[in-house]
Every structure is written in structure tokens, then in C-alpha cells.
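The values are calculated or read from the model by the stated rules, or taken from the named source; none is laboratory data. Everything quoted here is computed from the prediction, not taken from an experiment. Positions of Cβ are backbone-derived with ideal geometry, glycine not excepted, and every protein chain shown enters the neighbour counts.
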Amino acid sequence: MTVMTYAEAARLAVAEAMRADDRVWCVGEDLGRGGVFKQYAGLPEEFGPKRISDAPISEACIMGAAFGAALVGTRPIVEMRFADFALCATDELVNQIAKARFMFGGQSRAPMVIRKPMGMWRSSAAQHSQSLESWYAHIPGLVVCCPATPQDNYSMMRAAIECDDPVVYLEHKNIWMMEGEVDTSLKAEFGKAQIRRTGSDVTLVSWSHTANLCVEAAETLAGKGISAEVIDLVSLWPWDKAAVLESVNKTGRLIVAHESVAVGGFGAEVVATMAQSTTFKSPPQRLGSPRSLIAYAPNLEDKLRVTADMIAGAATKSMESVA
Amino acid sequence: MRNFDVERGLARLTLMERIRAFEETARHAAVEEELVLGAIHLSIGQEAVAVGVTESLRKDDYITSTHRGHGHTLAKGADATAMMKELLGREGGCCGGKGGSMHIADFGVGMLGANGVVSANITIAAGAAHGVKLLGGDQVTVCFFGDGAANRGPFLEGINWAGVFELPILFVCEDNQYSASTKTSDMTSGNVADRARAIGLPVTEIDGNDVEEIATKSAEIIARIRATGKPEFMLAKTYRLDGHTYFDPATYRPEGEADRMRRESDPVSRQRELLQEAGVSETDLDAVRTTATAEMQAALDAAKAAPWPADDTVFNDVQDVGSPAQEAF
């Protein structure tokens with residue numbers, strides 16, 4: 001067990017996988033200097049420029065070329081720099097990578113990890129802040145991960161690199177420096193949630209950085225005598241329906257919180273699935289950003305954030321209302 | 001008359017006739033029998049490019065192709081019956097009936113897929129060559145694309161990528177002069193070959209209806225790429241004798257243009273004439289066509305007799321993790 005940051009945890013996972021398998025390589029802009037967030041620091045020195053490969057500012061080609069290289073037997077880790085920039089490579093991801101195996105009748109595989117740093121990062125404005133995980137969860141063929149802790153960023157990254165399906169791997173930019181204990185012997189499983197805190201009154205479901213805010217909210221709620229269970233989904237496709245169902249069956253109350261826009265967000269999927277599967281003591285709620293655009297000025301940006309207080313407030317309200 | 005190897009010339013004609021017969025049979029099956037359900041894009045008139053370029057490729061070399069990909073796929077060595085079954089959406093199709101004409105692929109012969117998105121195969125091909133280089137192989141990748149693809153971003157990105165990483169790839173722009181129903185020259189500024197020159201790739205501009213010339217030049221180019229590991233570019237000017245799809249009458253073309261091209265530049269007719277001049281009898285040349293037609297008719301008959309794919313295969317090969325076979329909803 002070692003204490004490391006969220007960024008260091010993923011870097012260790014990548015380094016270990018690259019040592020174990022020559023077919024694994026990384027490609028993206030600025031990787032030769034350790035990547036824009038230093039999440040590849042030290043790797044260029046250890047593995048050289050062929051396996052930690054710089055790339056032109058050609059997101060479509062980074063994605064497309066990595067896919068082509070996967071088709072002939074390599075296992076690329078693709079760095080998109082910002083999830084927002086990955087939109088330049090949407091055709092390559094959605095029309096090519098996600099579909100190839102199916103369209104070609106199982107002749108090909110695309111074992112790729114597509115890293116897309118996501119989320120709000122103070123005053124980065126509308127083109128460097130988005131959370132678009134629900135888009136990818138909507139696309140058959142893709143696995144979608146949104147780890148929230150150093151442990152999960154280590155274990156999930158190892159699992160993603162070993163996976164033969166393409167994995168969209170969304171790391172939250174605001175927690176690169178978050179520290180936590182990492183046990184490298186722990187294996188992650190896609191579709192297996194982390195129960196971050198157990199509780200009996202209300203179920204809080206989240207992923208990525210907002211899951212950490214749910215843990216904070218649960219602490220606040222405990223002070224008020226409300227016992228909240230926090231489920232961090234970690235992966236959105238597949239997602240751990242069984243864990244959420246079991247929890248909601250116990251608590252009868254469900255709050256889903258995420259940083260992305262609430263409208264059409266994955267929270268709606270979680271709530272709808274539970275509504276089809278169980279009954280509630282109070283109406284389930286989802287918290288997400290208003291359907292507006294992320295602003296530069298801090299006060300404007302804050303209007304769009306889901307906070308621990310908001311989550312605790314929603315949970316408190318759910319204790320008062322009746323379904 | 002050029003001095004050429006008659007046997008090799010006949011082999012080139014045979015492959016072109018097979019491609020033409022495949023597509024004419026498929027068109028017949030689509031129009032007269034309504035057996036081909038989706039759109040098919042015929043490469044009739046463009047066969048020389050596929051045949052001439054792939055002649056120097058090994059089975060383990062790679063190609064990527066476009067929505068107009070039957071010729072490239074057959075030329076790379078794919079099985080015509082499996083391809084015909086795919087066009088009919090049947091079990092035993094090379095993609096299990098899931099892809100159809102536009103996603104035809106045969107990884108067993110290095111054919112990494114046709115593509116429904118114009119230009120998308122260019123970055124994929126660059127990546128295949130990148131993968132070969134990383135793995136230390138000596139395979140050459142050939143990327144076939146149309147003139148219309150040169151106006152999309154992946155064209156620039158993919159060619160620059162191949163140049164930057166010094167990849168063993170030949171980009172072949174098969175210029176059939178039309179982007180769907182639009183005359184490509186009306187929508188293209190400058191010469192496409194100059195775009196590749198500007199990026200620093202050696203460029204060969206070639207008559208895309210002359211299979212002998214294409215095969216000879218491609219042999220040199222592909223040998224050079226295999227030896228140096230560096231990318232090159234070919235612009236082959238040809239002509240699409242049919243419409244964009246089999247149901248496109250292509251009335252947007254100037255009157256008489258297609259007839260004139262069919263008379264003067266059809267690569268199959270040109271190769272027949274060349275062989276006739278070299279002493280091959282008309283009977284022998286007709287036999288090449290008859291044999292090709294019979295082969296493709298047999299492929300169609302086999303495809304017609306094949307069942308639809310089993311219903312539950314719709315959930316296969318989507319993904320292992322979170323597979324719809326376990327949870328479709």
C-alpha cells in the first residue's frame with residue numbers, strides 16, 4: 001500500500017502494463033514531455049519516443065491511426081489531452097472504433113484505451129471543461145470508465161489496458177493531485193461499483209469527482225443523523241445495476257449526482273432503470289449541471305457546479321418527502 | 001506496341017473481368033431480383049487501379065478501402081462467394097451479414113475494411129502502417145481512396161502522419177472524377193497530387209485505366225516502400241462508368257461523356273485490345289469473360305441459397321464487457 005496521487009496511480013498502471021507487454025504504447029500530443037498534465041512523466045525516458053509517441057495536433061488521426069495500429073496487433077493508449085478536443089475525433093471513435101468488430105462480423109478487435117481528461121477545472125471555460133460521459137455510454141461497442149480515486153485510477157487503468165474492447169477512459173482534471181492509498185494487488189472489474197460508504201437512509205449514486213463530493217455530503221448528513229450510502233459506479237458501461245438496486249431496496253431513497261448537464265445525463269438512465277425495478281419512499285432525484293454552457297468567470301462557473309452541499313440538501317429533502 | 005508478358009497481361013485481364021462480373025452480377029441481383037437490399041457502389045470502369053496496385057502486394061500486406069470497395073477486396077484475394085453472401089446479408093458472408101457492401105472486409109487476406117465514411121480509411125491505413133513499424137514487420141499498407149476524400153481533414157492528417165512517422169504506406173487516390181453526384185473538379189482547389197507533394201511525399205501521377213502501366217509502376221513503388229519504409233502517393237485518374245450507387249442514373253453527367261469514356265477508356269476493353277494485338281484470340285479473351293461471369297453467377301446462386309444469419313447474432317461481436325447478449329437494454 002502506497003500513497004500516491006490520482007495522476008501517479010494511472011502513470012504507474014501504464015508503466016507496469018508497458019513493461020509487461022511490448023504491444024502497449026501511448027500516443028498523443030506533447031507526450032514526449034510527459035503530457036500536458038504530466039500524467040506520462042518519466043515514461044518517455046523509460047520507454048522511448050516510439051512507445052511514448054508525440055503526435056501532431058491531429059486528433060482525428062491520433063484516434064484513427066491508433067485504431068489502425070490496433071487492427072494489426074498493437075494495444076494503443078490514446079491521449080486526447082482534453083475530452084473536449086476528442087470531439088475532433090468523434091467519427092473515428094463512434095463510427096469506426098466502436099463499430100468495426102461488429103460490422104466486420106467479428107474479424108477484428110480494437111483493444112484501445114482512450115484517455116479523455118474531463119470536467120471543470122477552474123476558469124477553463126466552455127471548451128476545456130465538459131463532462132460528456134453520457135454520450136459514450138450511449139454508444140454500443142464502447143466501455144466507459146470514470147474513476148474518482150487514486151486506487152480506482154490504478155486498478156481501472158490496468159483493467160482497461162488488458163481489455164480487448166475499446167475503453168473510453170475519462171479522468172477528472174480537478175483531482176490529478178488528489179492523494180490516496182493504492183494497493184496494486186487490487187483488481188478492478190468493469191460494472192462493479194465501489195461502495196464508498198455504507199448507509200441505510202438514502203442512496204447517493206455518482207462517479208468521477210462528484211462521487212468524492214457525495215462522500216463529503218454523506219459526512220455532513222451523518223452529522224444530521226442521516227445515514228447515506230455512497231455508490232461510486234466507476235464504470236458507466238457496464239454499470240452496476242445490482243449494487244444500486246440492492247442499496248435502493250434497503251434505503252428506499254435515491255439521489256444521483258453528476259457534474260455533466262442533467263438533461264440527458266447518465267443520472268436519468270440510473271433513475272429510470274431503478275424506477276422500472278423497484279419502489280421508493282420518496283421521489284428519486286438527479287442532480288446535474290443546468291443545461292447551460294460552462295463560463296470563465298468563477299462566480300458564473302460556480303452556478304453550474306453540483307456541490308456537496310447541494311447533494312446533502314437533496315438527500316435531506318428526500319427524507320422529508322413521500323413518494 | 002509495348003513489349004509485355006502475355007501471360008501476366010492475361011492474369012490482369014482475368015482479375016479485372018472477375019471484378020466486373022462480380023459487380024454486374026451484384027447489380028443484376030439488386031435491380032432485377034431485389035436481393036441486394038442496401039446501396040452498393042460499383043467500381044465499374046475503375047478495375048485497373050485495384051488490379052494493378054495489388055498485384056505487387058503479399059497476402060500479409062494490408063489494404064483499406066472505401067464504400068466502393070468490391071474491386072480492391074477481390075483483388076486482395078477475398079473469396080467472391082463470401083463477398084456475394086455479404087451483399088445479400090446472408091450467413092457465411094465475410095462479415096456474417098452484418099456489414100454488407102459498404103463494410104466488406106477480409107482480415108484473412110489483409111483487407112482491413114471498406115468504409116462508409118469518406119476519407120475515414122486514410123487515418124486507419126496510416127495507423128496500420130504505424131502498427132507494422134512498431135511491431136517490426138515488413139508489410140506494406142495500401143490505402144485506396146477517392147478524389148472526394150481529398151477534401152476532408154483526415155486526408156491531410158493521415159498523409160502528414162505517414163510523412164512524420166516515415167511509414168511504409170502507399171496512398172492511392174483513385175480519381176473517378178465524381179464526388180457522388182458532384183463533379184470533383186468543381187469542388188477542389190488545385191491539384192490533389194500537389195497536396196501530397198507539399199507534405200513531402202513522392203508522387204506518381206498515372207493513367208488509372210492502364211492496368212499495365214499501373215502494375216509496372218506499382219511494383220517499383222511498393223518495392224521501394226518495402227525497402228525504405230517510407231510513404232508514397234499515387235494519383236490514378238480513372239472514370240466511374242456507372243452512377244454513385246447502382247440506382248443512380250447519373251443524369252448529371254454531360255451528355256455523351258460516359259459513352260465516350262466507355263468507348264475510349266474502359267480499362268477492360270483496353271486490356272483486351274492489347275492482348276489481341278499481342279496475338280491472343282478473341283475466343284480466348286471471350287472465355288476469360290465467360291469464366292468470370294460463370295464464377296460470379298455461381299457465387300450469387302450460393303448466396304441466394306444461404307440462410308439469413310441467426311437472429312441472436314445481432315448481439316454478437318458488439319463488446320465483451322457489457323455485452324448486449326447479457327443486457328441489451
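Among strands (runs of 3 or more DSSP E) entirely within region A:200-301, having at least 2 residues that are touching a residue at least 12 places away in the same chain (Cβ under 8 Å) and hydrophobic (A, V, I, L, M, F, W, C) singles out A:202-206, A:228-232, A:235-237, A:254-261.
Could you list, in sequence order, the residues of region A:159-199 that are over 15 Å from the mean Cα position of the chain (by Cα), under 30 Å from A:D22 (Cβ atoms) and part of a loop (DSSP other than H, G, I, E, B)? Correct list: A:C163, A:D164, A:D165, A:D183, A:T184, A:S185, A:L186, A:K187.
Scanning region A:113-136 for residues that are surrounded by fewer than 24 Cβ atoms within 10 Å (Cβ to Cβ), in contact (Cβ under 8 Å) with a residue 60 or more places away in the chain and out of contact with any Lys or Arg (no Cβ under 9 Å at 6 or more places or on another chain) gives A:R122, A:S123, A:A125, A:A126, A:S134.
I'd like to know if region A:14-23 contains one or more residues that are within 8 Å of chain B (Cβ to nearest Cβ) and touching a Lys or Arg at 6+ places or on another chain (Cβ under 8 Å). Spell out the reasoning first.
Filtering region A:14-23 for residues within 8 Å of chain B (Cβ to nearest Cβ) gives A:23.
Then keep just the ones that are touching a Lys or Arg at 6+ places or on another chain (Cβ under 8 Å); that gives A:23.
Yes, region A:14-23 contains at least one residue that is within 8 Å of chain B (Cβ to nearest Cβ) and touching a Lys or Arg at 6+ places or on another chain (Cβ under 8 Å).
The rows are residues; the columns are (1) of a type in the set (G, A, S); (2) in a helix (DSSP H, G or I); (3) farther than 22 Å from B:C173 by Cα; (4) in contact with a helix residue (DSSP H, G or I) (Cβ under 7 Å, 6 or more places away or on another chain).
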site: B:I19; (1), (2), (3), (4): no, yes, no, yes
site: B:E23; (1), (2), (3), (4): no, yes, no, yes
site: B:E34; (1), (2), (3), (4): no, no, yes, no
site: B:L37; (1), (2), (3), (4): no, no, yes, no
site: B:I44; (1), (2), (3), (4): no, no, no, yes
site: B:V51; (1), (2), (3), (4): no, yes, no, yes
site: B:G71; (1), (2), (3), (4): yes, yes, no, yes
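When the residues of region B:261-310 are narrowed to those that are basic (K, R) and under 22 Å from B:T81 (Cβ atoms), which ends up surrounded by the fewest Cβ atoms within 10 Å (Cβ to Cβ)? Residue satisfying both the conditions and the ranking: B:K304. Restricting B:A129, B:A114 to those that are more than 7 Å from chain A (Cβ to nearest Cβ), surrounded by 24 or more Cβ atoms within 10 Å (Cβ to Cβ) and within 24 Å of B:I44 (Cα to Cα) reduces the list to B:A114. Picking from residues in region B:166-222 that are of a type in the set (A, V, I, L, M) and in a loop (DSSP other than H, G, I, E, B), the one that is nearest to B:P254 (Cα to Cα) is B:A180. Does B:M102 count as more than 7 Å from chain A (Cβ to nearest Cβ) and surrounded by fewer than 23 Cβ atoms within 10 Å (Cβ to Cβ)? Yes, satisfied.
Taken as a whole, region B:92-105 holds at least one residue that is more than 16 Å from the chain's Cα centre (by Cα), at pLDDT 95 or above and more than 19 Å from A:R109 (Cα to Cα). Can you say whether A:G64 is facing chain B (nearest Cβ under 8 Å) and part of a helix (DSSP H, G or I), as far as the supplied structure shows? When the stated conditions are applied, A:G64 passes them. The set of residues from region B:117-126 being more than 7 Å from chain A (Cβ to nearest Cβ) and of a type in the set (G, A, S) comprises just one member, B:S119.
Output yes when any residue across region B:218-230 is surrounded by 20 or more Cβ atoms within 10 Å (Cβ to Cβ) and over 30 Å from B:K133 (Cα atoms), and no when none is.
So far as region B:218-230 goes, no, none of its residues is surrounded by 20 or more Cβ atoms within 10 Å (Cβ to Cβ) and over 30 Å from B:K133 (Cα atoms).
Listed by first and then second residue, the pairs linking a residue in region B:240-260 that is within 17 Å of B:D186 (Cβ to Cβ) to a residue that is assigned to a loop (DSSP other than H, G, I, E, B) and not hydroxyl-bearing (S, T, Y), with Cβ atoms under 6 Å apart and 6 or more places separating them unless they lie on different chains, are B:R240/B:G45; B:R240/B:N176; B:H244/B:A180; B:A250/B:G243.
If only residues of region A:33-55 that are away from chain B (no Cβ under 14 Å), touching a residue at least 24 places away in the same chain (Cβ under 8 Å) and on the phi < 0 side of the Ramachandran plot are counted, the one that is surrounded by the most Cβ atoms within 10 Å (Cβ to Cβ) is A:Y40. Of all residues in region A:103-156, exactly one satisfies the criterion of being on the phi > 0 side of the Ramachandran plot and either in the same structural domain as A:P290 (by TED's automatic domain parsing) or aliphatic (A, V, I, L, M) (or both), namely A:A125.
When B:F315 is tested against (1) within 26 Å of the chain's Cα centre (by Cα); (2) surrounded by 12 or more Cβ atoms within 10 Å (Cβ to Cβ); (3) among the aromatic types (F, W, Y), just one condition goes unmet, and that condition is (1). Taken over region A:15-32, the criterion of being surrounded by fewer than 23 Cβ atoms within 10 Å (Cβ to Cβ), in contact (Cβ under 8 Å) with a residue 24 or more places away in the chain and within 18 Å of A:M156 (Cβ to Cβ) is satisfied by A:A15, A:E16, A:A17, A:M18, A:D21, A:V24. Answer with yes or no whether B:I199 is surrounded by 21 or more Cβ atoms within 10 Å (Cβ to Cβ) and out of contact with any Phe, Trp or Tyr (no Cβ under 6 Å at 6 or more places or on another chain). Considered against the rule, which asks whether it is surrounded by 21 or more Cβ atoms within 10 Å (Cβ to Cβ) and out of contact with any Phe, Trp or Tyr (no Cβ under 6 Å at 6 or more places or on another chain), B:I199 comes out as no.
Residue under question is A:I139, and the condition is that it be under 21 Å from the mean Cα position of the chain (by Cα), surrounded by 23 or more Cβ atoms within 10 Å (Cβ to Cβ) and either at pLDDT 95 or above or more than 14 Å from chain B (Cβ to nearest Cβ) (or both); does it hold? No, not satisfied.
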